[in-house]
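The structure under discussion appears below in the form of structure tokens.
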Amino acid sequence: MRTQVAIIGAGPSGLLLGGLLSHAGIDNVIVEQRSGDYVLGRIRAGVLEQGTVELLDSIGVGARMHAEGLPHDGVELCFGGKRHRIPLFELTGKRVMVYGQTEVTRDLMQARADSGRTTVYEADAVSVHDFIDGQRPSVRYRKDGAVHTIECDFIAGCDGFHGVCRASVPADRITLHEKVYPFGWLGLLADVPPLSHELIYLNHERGFGLCSMRSRTRSRYYVQCSLDDKVEQWSDDAFWTELRARLPADAAANLVTGPSLEKSIAQLRSFVSEPMRFGRLLLAGDAAHIVPPTGAKGLNLAASDVAYLAQGLVGHYKGSATELEHYSERCLRRIWRAERFSWWMTSLMHNFPSNGSFDRKVQLAELDYLVHSEAASKAMAENYVGLPM
């Protein structure tokens, strides 16, 4: 098989890149290790920056998002038993859209199927070849007992943190930066109405909490937990009891509970690999960076990566190499800003086992300053809604 761009990974970053390239008339093939149902079954965040919304609109996949998504003009920070609203739209002129990553993926998959472009699911033993110095890189995989080869001009590594693309880069060509946080998030999904029409971030002496939603009838809640905890240790009743304990009394009284549809524990980490281009292989999304979910940046960073990558590839095929040459530099500048914001939000809202009473008091003082200073609130709002590309 021959194509212009071979995309490894059919998550939202790979599918969005495929859509952007197809829209520009650039041929592409997507190769995915898992099944389509498995990809759709992954529960992820769903706060979209305005720039991400505009990207989805640009390739014609935004209709359901606008019909079913929930535009948010603010978020709440809760500490000391009180709730404080940060008015995002009032401070920045921008809003965010709450629309689950699963739904984004579903829309992109449907658009991909409608386009007739090739997507290979359940591809086993995927490998990438001749990408650093060669002009004709290739992708190999096994399916239905046969080995297949895709010859291409470029390989886009959109295959996530554990994917094959970054792992195939020689160790002396790449630098890895990582910070692992000493706690996790226990998340619960339930078909119950959200506690509030906007997200509530909780800073409590018992630990962090987050009240979010996927729709007007489906809620997603989180509580900070130990890395030693197991999902099986947490009954639904235990989760709801713990969440109530971290909420102010008025909010706890209005919390609607119900049986969980899904529960999971996520470890939090910050991770960046530099650079993001290795000859004819270009990394994007979680293959190149991870952020803790506190700042709602993961999917949005992936979207900005593929926007830059699509621009670079379109320029290449039109005879200009400039944008593609600067792909890594452009991405990393935005990535490190988002990493900083996500690290700051995580540090501000969580209880760290090593923190003492001084650290706790400083944390509360910073929160107090944040919600009572327009300048501080605006700085947070600008980062939360997404920095300009």
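Bear in mind that the values in this text are calculations on the coordinates, not laboratory data. Predicted model only: the values in this text are computed from it and were never measured. Cβ placement follows ideal geometry from the backbone for every residue including glycine, while neighbour counts extend to all protein chains displayed.
Observations on the model:
- Between Val29, Met349, Leu324, the Cα set farthest toward the positive side of the dipole of the chain (charges on each charged residue's Cβ, about the Cα centre) is that of Met349.
- Residue-span extension gain [Ala171 to Ala252] - 0.36 nm each, minus C-alpha spacing: 24.1 nm
- Highest to lowest packing among 186-193, 141-148, scored as the average C-beta count within 10 Å: 186-193, 141-148
- Amide H contacts of Met213: Arg220, each under 5 Å away and 5 or more positions distant or on a separate chain (H built 1.01 Å from N in the peptide plane; Pro and chain starts excluded).
- Beta bridge orientation in the chain: antiparallel %, DSSP, nearest 5: 75 percent
- The label point for Leu40 and the one for Glu382, both projected 7 Å from the Cα toward the Cβ, are 4.2 nm apart.
- About its Cα centre, the dipole of the chain is roughly 180 debye, where the only charges are +1 on Lys and Arg Cβ and -1 on Asp and Glu Cβ.
- Taking only Cα atoms of region 1-101, radius of gyration then Dmax in Å: 17.5, 61
- On the beta carbon distance between Phe358 and Arg206, with R0 = 30 Å, the FRET formula returns roughly 0.95.
- Check: region 158-255 dipole with +1 on Lys, Arg Cβ and -1 on Asp, Glu Cβ, in debye: 300 debye
- Take the Cβ atoms of Thr217 and Phe161, set R0 to 35 Å, and the FRET efficiency comes out at 0.65.
- The packing ranking of peptides 271-284, 24-37, highest mean first, is 271-284, 24-37, where packing means the average number of other beta carbon atoms within 10 angstrom of each residue.
- Label zone of Ser235 (point 7 Å out along Cα→Cβ, amide N under 18 Å): in region 250-281 this covers 257-264.
- Taking each of Lys94/Lys263; Lys143/Lys230; Lys179/Lys230; Lys82/Lys297; Lys94/Lys361; Lys230/Lys297 in turn, the alpha-carbon distance tops 30 angstrom for Lys94/Lys263; Lys143/Lys230; Lys94/Lys361.
- Helix-only arithmetic for the chain: the sum of -39500 (n - 2.57) across DSSP H runs with n ≥ 4, divided by the residue total, places the mean residue ellipticity at 222 nm at -11500 deg cm²/dmol.
- By DSSP, the beta bridges lying fully in region 81-213 are antiparallel in about 100 percent of cases.
- Seen against the Cα atoms of the chain and their longest principal axis, helix 101-115 is set at about 20 degrees.
- Relative to the longest principal axis of the Cα atoms of the chain, helix 12-23 runs at roughly 50 degrees.
- Each residue of region 293-298 is assigned a 3J(HN,Hα), and the resulting list reads x, 4, x, 6, 10, x Hz, derived from the Karplus form 6.51 cos²θ - 1.76 cosθ + 1.60 (θ = phi - 60°), x at Gly and Pro.
- Ranked list, fewest to most other Cβ atoms within 10 Å of each Cβ, for Thr52, Thr322: Thr322, Thr52
- Cα-based reach from Lys378 at 17 Å (exclusive), listing aspartates and glutamates while leaving out same-chain residues under 8 positions away: Glu49, Asp73, Glu76, Glu90, Glu366, Asp368
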